[in-house]
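Taken together, the values in this text are just the output of simple stated rules run on the coordinates, not laboratory data. It should be emphasised that the depicted structure is a prediction, and the values quoted were computed from it without experimental measurement. Every residue, glycine as well, gets a Cβ built from its backbone with ideal geometry; the counts of neighbours run over all protein chains shown.
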């Protein structure tokens, strides 16, 4: 029996796509600042990176508030049960035409692998990137206050996280293609609706 | 009627003479003879003083006349380093007149021609009376006529008679005329010496040459007559003849204590921050730079931006080569301007214009080494006056420098630098007349009270010249990428992390593996998905 449910609520879709836009912009300007690319120049990149960083910080505060107050946080609790099946699917099942072993519901959106990945990314990588970014931005004031003298270590962590975010983004985008149809996941992230059940 | 006719005749003859005068004056130096010069300085008309209305034939007599009214002037000058040419630093006297040296002509002492830039008369040798008031040269700084010139051959005395110097005639100075036309020093007075240090226009500093007499706005926003028309003293403020500025015993600025007034600075220069404050950009990101980066680093993007070259290197070791027993020189083009590339008298040079400076931490003081200091020849090139400081030092900022590369003589037994006797008659050992290194070094050492073992060689040296003049219009300030990029102008300043320039290998390798590894893995996965889907499709077709 199949039925269509709203899996991603309106605010959830807003923060997802808002964050997507910001992260892409921050990656683009960040690579400029790091001297990897030179398309729009250092000065413009610097200003955009700072604005983008603060908007992202604000958005992440809203996201965390939303996740904590709506009870969505429960979706991120690690659950190893069935992770072997998920891994087997991506490494073998998908090639022989097996169906995805995880059954999505509104209360259990993520498969065990997603739970773990999103927990690490959203509650580990993202805050770390934002905090190191803020330290980076306020470094002149922090240094003047005598808290830290050098920014090198913070810069290293910030760059490391940036590369990790890029790698995550590649996998994340690829994972879109594992829906019922190639476009299913993208469509549901836009409309919020997903066809559930068998 | 007669009077009127005479006046007209005088005017006509003056007009007819004027073109000849301006042709006769050299094109490089602005002609001042056809300039209206006032004898009024402040509240006094010096042409009305009887003591100045005499025919002077000896410059110290002029000084005595000056001192009749300005009773304290010579005493004040005697205390300045313009007079002493030395100050004591950590118990060692140093300056042009004692122990210090550079990598241009090395040492002034023993070379009388150098003392043409001393504010005195007759510093020929050790017999010079440093406490004689009449030996002070008032006119070199206070002449407003532009006609006062000191002679290299007469140890700072002006030309008393028409003298052939090279291809041109230096006219005898009309001392009475000059004495009646004195006033506050203008740029001509300061630049007459400070623009030509090291042996010619622009040679020494990189940011101080004769183009500052009348700079266009793009060359110097402060001194250009197009706008502010600053004199030197607008920044180098003066009191009792003490002119502010860096010397061996004082810092050029004390900018780490920002936004100070002039009275707080007490002998140190007025600096950029004195007028502009340390946060003048109305932009947090740029203002934050000023804690570690001097204004000059961004606002003087290149040095020697005028028409004149500055000397970049000087190799003394090749000097002394003669053709048919005669000295010669070879000219080459440097940045569009032809100048000496080799001279038998001086060795091999390179020059440059619009030169990108090098950047160093700097606290407004240079650590001069002297003839008394021992050197380790294995550590060449030797920094002879390096700036000090680092990222951790709150008093230091990153400043632009001209670093003049030299190769100059040192004593290989005693391991110290050696002065050279350059200028003088045959028989004195002077290199420029005898071209004999042992003789010139022996004479130079004797005249500077330096020990010389007789063994010498040449060693590479770096001379540091902070760049602070010739501030460019703000549109020409450096782009971020000049430092925050690769290559970076701050290459070599590695005691801090600089965004855009610096990377950690470990992090970069992680990035390469994480990003390209993920992309590669994804492509393999996609490929196998496509292949397996195709196989399944064709096998299901076979079955059906």
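Tabulated values for the structure
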item: Contact order relative to length of chain B, as percent, for alpha carbon pairs under 8 angstrom and 6 or more apart; result: 12
item: Distance histogram in 10 Å bins (all Cα pairs of chain B, percent per bin); result: 3, 14, 24, 24, 16, 7, 4, 3, 2, 2, 1, 0, 0, 0
item: The protein assembly as shown - Debye-derived log10 I(q)/I(0), Cα point model, q = 0.07, 0.08, 0.09, 0.11 Å⁻¹; result: -0.67, -0.79, -0.91, -1.20
item: Hull-based mean projected area of segment B:47-183, where the convex hull spans the alpha carbons, in square nanometres; result: 9.3
item: Angstrom value of the Kirkwood radius, inverse mean 1/r, which spans all Cα pairs in segment B:118-228; result: 15.5
item: Relative contact order [Cα under 8 Å, 6+ residues apart], segment A:3-196, whole percent; result: 30
item: Order by protection proxy (mean Cβ within 10 Å, highest first), peptides A:66-78, A:10-22; result: A:10-22, A:66-78
item: Cα radius of gyration and Dmax for segment A:3-196 (Å); result: 19.0, 61
item: For segment B:440-487, convex hull volume per residue from C-alpha positions, Å³; result: 172
item: The protein assembly as shown, helix-only ellipticity at 222 nm - DSSP H runs n ≥ 4, -39,500 (n - 2.57), divided by all residues, nearest 500; result: -10500 deg cm²/dmol
item: Three semi-axes of the equivalent ellipsoid, segment B:458-529, Cα gyration tensor, whole Å, largest first; result: 44, 19, 9
item: Principal axis dimensions, largest first and in whole angstrom, of segment B:479-518 by Cα; result: 35, 22, 12
item: Three-way shape label, segment A:45-114, alpha-carbon gyration tensor, a/c 1.5; result: oblate
item: P(r) of segment B:188-240 over all Cα-Cα pairs, binned every 10 Å from zero, in whole percent; result: 27, 50, 23, 1
item: Using alpha carbons only: equivalent-ellipsoid semi-axes of segment B:43-101, gyration tensor based, whole Å; result: 34, 13, 8
item: Degrees between helix B:2-24 axis and first principal axis of chain B (Cα, 0 to 90, nearest 10); result: 40
item: Cα-based shape type of segment B:278-423, given that a ≥ b ≥ c are square roots of the gyration tensor eigenvalues and the cut on a/c is 1.5; result: oblate
item: Helix axis angle, B:505-543 relative to chain B longest principal axis, alpha carbon, degrees; result: 30
item: Cα-based helix-to-principal-axis angle, B:437-447 vs chain B, degrees rounded to 10; result: 70
